[in-house]
Amino acid sequence: MARTILIVDDDRELCELVAELLRGEGFDVGAHHSGAGAADLAASGHYELVILDVMLPEQNGFEILRELRRRSAVPVILLTARGEDVDRIVGLEIGADDYLPKPFNTRELTARIRAVLRRTQPREQDTLPRVTVGDVTLDPATRTVFRNNAAVELTTVEFDLLHMLLASAGRVVTREDISQRVLGRGFDPFDRSIDVHIGKVRRKLADPAAADERIKTIRGVGYIYAQPRD
């Protein structure tokens, strides 16, 4: 059965090009050419992934993404202007699963789509037992996280990142491994996506009463989820 993707971009020629490419890869594709109504369409449940341009008439991509994340966890790849690091960071902060600067290589877009969809498919690892480290419990089967018995809402990327860190608690996880296993692509030292996702997980797990940071940065190497003290 073909997987269905929604493209939200006011560049009709680009939409037609991308749609033709993705249909050739076995996807069904829908397109929407303005910000108005885009969040409703994306949250309708008919699409398994949304490709969302930042620069749209009537309502920009950030506004759409904020509205969408209040209603749906559908994966989103954000299209940003090349060189606009701020746009990419803001997009990740408000819930994008990945981003791609325009103009982009169509093969890279396809690879990003498949990587994001792989993260949302049931996998063998989702039958693994719960992981508990200190006050945090992660259940791969239900993809839920609790801290002190309170639910923690995470995006797909954040969940996979935390799972990797908890499973390796007390040991360093390299940025290269995170990029390959969580983001589904080769490591780029200039890509700040990992830093943004780590920052979001830290904030969501923050304990005001704790003096130490639970996710520690190992400069130039990666990150370590600290084992709780006895």
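FYI, it's all coordinate maths here, none of it is from the lab. Only a predicted model underlies this, so the values are computations on that prediction, with no experimental measurement involved. Every residue, glycine as well, gets a Cβ built from its backbone with ideal geometry; the counts of neighbours run over all protein chains shown.
Would you mind computing, in nm to one decimal, how far apart the modelled labels at GLU25 and ALA167 are, each placed 7 Å from Cα along Cα→Cβ?
For GLU25 paired with ALA167, the spin-label model returns 2.5 nm.
Applying 1/(1 + (r/R0)^6) with R0 = 22 Å to the Cβ-Cβ distance of GLN180 and LEU128, what FRET efficiency is obtained, to the nearest 0.05? Can you show the working numbers first?
Values: r = 19 Å, r/R0 = 0.87.
Efficiency computed from Cβ-Cβ geometry: 0.70.
Of GLY220, GLY30, GLY95, which is the most mobile in a GNM of the chain whose springs link Cα atoms less than 10 angstrom apart?
GLY220
Angle, helix 193-205 long axis vs. longest principal axis of the chain, Cα atoms, 0 to 90°, nearest 10?
For 193-205 against the chain, the angle is about 50 degrees.
How many nm separate the modelled label positions at ASP139 and ALA81, each set 7 Å beyond the Cα in the direction of the Cβ?
4.6 nm
Take the alpha carbon gyration tensor of the range 124-225, find the square roots of its eigenvalues, order them as a ≥ b ≥ c, and report rounded if a/c is under 1.5; if not, report prolate when a/b exceeds b/c, else oblate. Walk me through the numbers on the way to the answer.
Numbers: a/c = 1.74, a/b = 1.23, b/c = 1.42.
Since a/c reaches 1.5 but b/c is at least a/b, the shape of the range 124-225 is classed as oblate.
So if we plug the beta-carbon distance of HIS46 and GLU93 into 1/(1 + (r/R0)^6) with R0 = 22 Å, what FRET efficiency do we get, rounded to 0.05?
Numbers: r = 27 Å, r/R0 = 1.21.
Efficiency, from the Cβ-Cβ distance: 0.25.
May I ask you to derive the FRET efficiency for GLN227 and ALA111 from their Cβ-Cβ distance with R0 = 35 Å, giving the value to the nearest 0.05?
Efficiency, rounded to the nearest 0.05: 0.45.
Is the shape of the range 3-120 best called rounded, prolate or oblate, per the rule: a/c under 1.5 gives rounded, else a/b larger than b/c gives prolate, else oblate, with a ≥ b ≥ c the square roots of the Cα gyration tensor eigenvalues? Mind dumping the intermediate values first?
Numbers: a/c = 1.25, a/b = 1.14, b/c = 1.10.
Rounded shape, in that the Cα axes give a/c under 1.5.
Between the range 20-78 and the range 129-151, what is the separation of their alpha carbon centroids in Å?
Taking the Cα centre of the range 129-151 as reference, the centre of the range 20-78 is 30 Å away.
Percent antiparallel among DSSP beta bridges with both residues in the chain, to the nearest 5? Don't jump to the answer; show the numbers that get you there.
Values: 16 of 35 bridges.
Here the antiparallel bridges make up roughly 45 percent for the chain.
If I compute Cα extents along the principal axes in Å from the structure I just sent, which labelled value in (i) 60, 34, 31; (ii) 59, 39, 32; (iii) 48, 38, 33 lines up?
(i)
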